[in-house]
Structure formats: structure tokens, C-alpha cells
Amino acid sequence: MSETLLKLSGLLPRLRTRTQLTGLVLVVAGFIASTQVARQFLPGTIAVGIVGVFFLIFGQLFSSLEHFPQKDRKQVVLIVIGLFVFLVSGVSVAGAVLTLKGH
């Protein structure tokens, strides 16, 4: 375990963008979740992980909003918020149903 942490700490100085850092966080969190979670809770864990990814992607929108033309920004934000709410709701309901059924 300590060797893995040393390798990860060696990666940190080479990260240049927020997207690379986000990817590293996703990989580490996914590894920890997949090794520490009981198998009967796997569908719920996957649903929670997907929701977390949606939050990370949604958070990236505001740092890249300047790349959209001024007149289109309002529409882009509204579409992304609507898509975000729809996807999070759908994945949350699916994860809850699968977890309660015991799959």
C-alpha cells in the first residue's frame, strides 16, 4: 500500500490541468470504493459513483464557460443544469431500486 502511495505522490507534480487532477481523484476513489464495499451493495455504490462523476463534470462547466459565446452561455448553463438534474435523478432511483431488491 505504501508503494502505491509513493507512486501516486510522484504523479502529483506532473499534473498540469484540473481535468488531470479530476481523473486522478476518480481513479483513486473508484479503487478505494471497489475494494472496500461489500458485494451486496455494489449497485448502490456504482450509482453513487456515477452521481459523483456527474458532480465533477458539472463543476468543470463553470471553469470552461468562457469558451462559449456570451449570447449562448445562459442556454448552455440551463441545458446542463437540466441534464444534470435528470441524470442524477435517474441514476439515484435506479441505484435505490437495485439496492433494495438486493441485486
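The values are calculated or read from the model by the stated rules, or taken from the named source; none is laboratory data. Since we're looking at a predicted model, the values are computed, not measured. All Cβ positions, even for glycine, are placed from backbone atoms using ideal geometry, and neighbour counts span all protein chains on display.
Annotation: Lys74 fulfils all but one of (1) modelled with pLDDT of 85 or more; (2) surrounded by 15 or more Cβ atoms within 10 Å (Cβ to Cβ); the unmet one is (2).
For Phe84, the test of being within 22 Å of Val25 (Cα to Cα), modelled with pLDDT of 80 or more and in contact with a helix residue (DSSP H, G or I) (Cβ under 6 Å, 6 or more places away or on another chain) is passed. Within the span defined as the stretch 30-52, one or more residues are within 19 Å of the chain's Cα centre (by Cα) and not in a helix (DSSP H, G or I).
Selection of the stretch 4-23 for residues being hydrophobic (A, V, I, L, M, F, W, C) and at pLDDT below 75 yields Leu5, Leu6, Leu8, Leu11, Leu12, Leu15.
Selection of the stretch 30-61 for residues being at pLDDT 75 or above and more than 18 Å from Leu98 (Cβ to Cβ) yields Phe55, Leu56, Ile57, Phe58, Gly59, Gln60, Leu61.
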